[in-house]
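So the structure is just underneath, and the comments pick up after that.
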Amino acid sequence: MKYKTRKEEIIQTSTILFKQRGFSAVTMRDIAKAMGIKAASLYNHINSKQEILSDIIISLAEQFTQQMKVIKNSNENNIDKLKQIVALHVDITSNNPYGMASLNNDWMHLENELEYYLKLRKDYENDFRIIIEKGIEDSELVKGNSEVMIFSMLSTLRSLYIWLPKKEDLDIQKFTNELSLVLINGINK
C-alpha cells in the first residue's frame, strides 16, 4: 500500500498492531520494527504513541458525529435515516476495520483527548436516540424501549470490525441493505 506521508504510514501500521495486540502491549519499538525503521525515526513524524491513538480514534469519532448530524438534520423519514446510519457504519468500518478496533477497544487509553472523545460519543448517541424516538412518535417504528433499540443496533454496528474483514468477497451494498433490513425490521416472518 502506498501512503501519502510517513505519518500516515505510521498510523496505519499502528492500527494493525493495536488490533492484533492491544494498545497497551504495543511499543514504539514494535511500530518501528513493523515498518523496518529505527524507533528514533518515528519521532521525526509523531510525538508519542498517545498521539497515534488520538489521531486514529478522534478522526473516526469526528467522522461518525459529523455524518450523524447530517443524517439527523436531513428531510428523510426516520427509517431512511436509520438505513443511512447502518450504511455509515458499514462504509467507515469496511474502509478502516483496524481503526474501528482501536475506537472500540482502546478509547479508554486516551489521555488528553478522552473528554473530547466522550463528548463526541455522547453527541452521536443522543442524535441516534432522537431519530429512534421520533420514529416511534411518528409511528414509523414499533412502540418500544428506545434505549433497547439503540443498544441493539449500536452493539451490532460497533462490532462490524470483527466480522467484515473475514468476508473478502462481500458485496458491501447488498450487505448494507440486508443488515438494514434485519436491524430495522427484525427477523419476524
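Quick look at the values:
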read-out: 2 or more residues surrounded by fewer than 18 Cβ atoms within 10 Å (Cβ to Cβ) and among the hydroxyl-bearing types (Ser, Thr, Tyr): qualifying helices (runs of 4 or more DSSP H) within region 52-166; value: 146-158
read-out: Which numbered condition residue 45 fails, given (1) within 16 Å of the chain's Cα centre (by Cα); (2) assigned to a loop (DSSP other than H, G, I, E, B); value: (1)
read-out: Residue in region 17-38 that is aromatic (Phe, Trp, Tyr) and outside any helix (DSSP H, G or I) present; value: no
read-out: Out of 16, 10, sole residue that is surrounded by 16 or more Cβ atoms within 10 Å (Cβ to Cβ), free of Cβ contacts under 8 Å to residues at least 60 places away in the same chain and farther than 22 Å from residue 154 by Cα; value: 10
read-out: Residues satisfying the stated conditions in region 172-189, i.e. of a type in the set (Asp, Glu) and in a loop (DSSP other than H, G, I, E, B); value: none
read-out: Which listed residue, of 81, 38, is basic (Lys, Arg) and modelled with pLDDT of 95 or more; value: 81
read-out: Criterion (of a type outside the set (Phe, Trp, Tyr) and more than 17 Å from the chain's Cα centre (by Cα)) met by exactly one of 181, 114, 118, 164; value: 181
read-out: Conditions (1) in a helix (DSSP H, G or I); (2) at pLDDT below 95: number failed by residue 169; value: (1)
read-out: Some residue of region 109-122 being under 26 Å from residue 185 (Cα atoms) and at pLDDT 95 or above; value: yes
read-out: Members of region 136-161 found to be aliphatic (A, V, I, L, M) and in contact (Cβ under 8 Å) with a residue 12 or more places away in the chain, listed by number; value: 141, 149, 150, 153, 154, 157, 160
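The values are calculated or read from the model by the stated rules, or taken from the named source; none is laboratory data. Because the structure is a prediction, the values reported are computed rather than measured. When we count neighbours, we look across all protein chains shown, and the Cβ atoms used for this are built from the backbone with ideal geometry, even at glycine.
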